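To start, the structure under review is shown below, and the notes come after it.
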Amino acid sequence: PLKVAFAEGNSFLHTMDPRLKVFLAAALALSAAAASNWSSLVALLAFSILLLFLGHIPLASVMKRLALLDSLILVLWITLPLLGGGKRVSLGICSLSIEGIVMAGTITLRSYTAVFGFTSLLGTTPIYLTINALKFFHMPEKLVLLLHFTYRYAHVFFDEASKLHRSMTLRAFKPGFNLRTLRAYGNLMGMIFLKAFSRAERVSVAMELRGFNGTFPDICYAEKLNLTQAMRCAGLGLLLLGCVLI
């Protein structure tokens, strides 16, 4: 459960310093959010796909993980062109909003750019090294701890949810579009919350008994940045800047 999907390997990105990858990931996210023209967005998407190849990450594996995002994007492509304002174009029996189509396309490009980029840069880094890099950039201590514990205990949360749902199924529960189903799922969410709260209290007490005072003093970087690593990051940074300025 604590293993990052693509963290093992010896590719160009696997050997790059995690601090540089965190910096590039933040720069890519800001660039995708700030870019407003289609040429820059398409170039940024191509840059993210290039990162996938540099990390030796199979594109098919990434696309399988995008099922939830694709469902949300599909909803946007259905609703925005139909309900958007501005100039409209007739297409058979319905009219589509040009602004809605442009907005849906922009959101799609930005979403895929962010997912591909984060998968390539952060997915090729073990989680503890990513946390170290965040600490190096002086991220708030509580935010770093929250990220650490969220990742550390996410599998526990899903295991508890699976057990409760399995017990509901064994008691002949069948979901449907009715009040009984909503009530059952409400009780399920309530039980998950209570179990998570109880587990959090036990973990907190156990850590305090081991001397935990709210910080991880060993989370730090002692080694200096390698010149070769810095040159690699600079090259990717210049390429990213070129994508933004197109």
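The values are calculated or read from the model by the stated rules, or taken from the named source; none is laboratory data. Fair warning: this is a prediction, and the values are worked out from it, not measured in the lab. No Cβ is skipped: glycine too gets one built from the backbone with ideal geometry, and neighbour counts run over all protein chains shown. Accessible surface areas use protein heavy atoms only, side chains included; no ligands, DNA or RNA. Shrake-Rupley method; radii C 1.70, N 1.55, O 1.52, S 1.80 Å.
If you scan the range 70-88, which residues turn out to be open to solvent by less than 70 Å² (accessible area, probe 1.4 Å) and of a type outside the set (Asp, Glu)?
Selection gives Ser71, Ile73, Leu76, Thr79, Leu80, Pro81, Gly84, Gly85, Gly86.
Which condition breaks for Thr108 when tested against (1) in contact (Cβ under 8 Å) with a residue 40 or more places away in the chain; (2) over 30 Å from Lys224 (Cβ atoms); (3) within 16 Å of the chain's Cα centre (by Cα)?
Checking Thr108 against (1) in contact (Cβ under 8 Å) with a residue 40 or more places away in the chain; (2) over 30 Å from Lys224 (Cβ atoms); (3) within 16 Å of the chain's Cα centre (by Cα), the one that fails is (1).
To keep it simple, each residue is scored yes or no on (1) of a type outside the set (Val, Ile, Thr); (2) part of a helix (DSSP H, G or I); (3) crowded, with 17+ Cβ neighbours inside 10 Å.
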{"residue": "Ile57", "(1), (2), (3)": "no, no, yes"}
{"residue": "Val62", "(1), (2), (3)": "no, yes, yes"}
{"residue": "Leu68", "(1), (2), (3)": "yes, yes, no"}
{"residue": "Ser120", "(1), (2), (3)": "yes, yes, yes"}
{"residue": "Thr124", "(1), (2), (3)": "no, no, yes"}
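Out of all the residues in the range 224-239, which are at pLDDT below 85, surrounded by 12 or more Cβ atoms within 10 Å (Cβ to Cβ) and among the hydrophobic types (A, V, I, L, M, F, W, C)?
The one that is at pLDDT below 85, surrounded by 12 or more Cβ atoms within 10 Å (Cβ to Cβ) and among the hydrophobic types (A, V, I, L, M, F, W, C): Leu225.
Inspect the range 206-223 for any residue being open to solvent by 50 Å² or more (accessible area, probe 1.4 Å), touching a Phe, Trp or Tyr at 6+ places or on another chain (Cβ under 9 Å) and part of a helix (DSSP H, G or I) and give the result as yes or no.
Among the residues of the range 206-223, not one is open to solvent by 50 Å² or more (accessible area, probe 1.4 Å), touching a Phe, Trp or Tyr at 6+ places or on another chain (Cβ under 9 Å) and part of a helix (DSSP H, G or I), which makes the answer no.
Please work out if Leu129 is in contact (Cβ under 8 Å) with a residue 12 or more places away in the chain and hydrophobic (A, V, I, L, M, F, W, C).
Yes; evaluated as a whole, the condition is true for this residue.
Quick check: is even one residue across the range 153-175 modelled with pLDDT under 80 and surrounded by fewer than 12 Cβ atoms within 10 Å (Cβ to Cβ)?
Yes: the range 153-175 contains one or more residues that are modelled with pLDDT under 80 and surrounded by fewer than 12 Cβ atoms within 10 Å (Cβ to Cβ).
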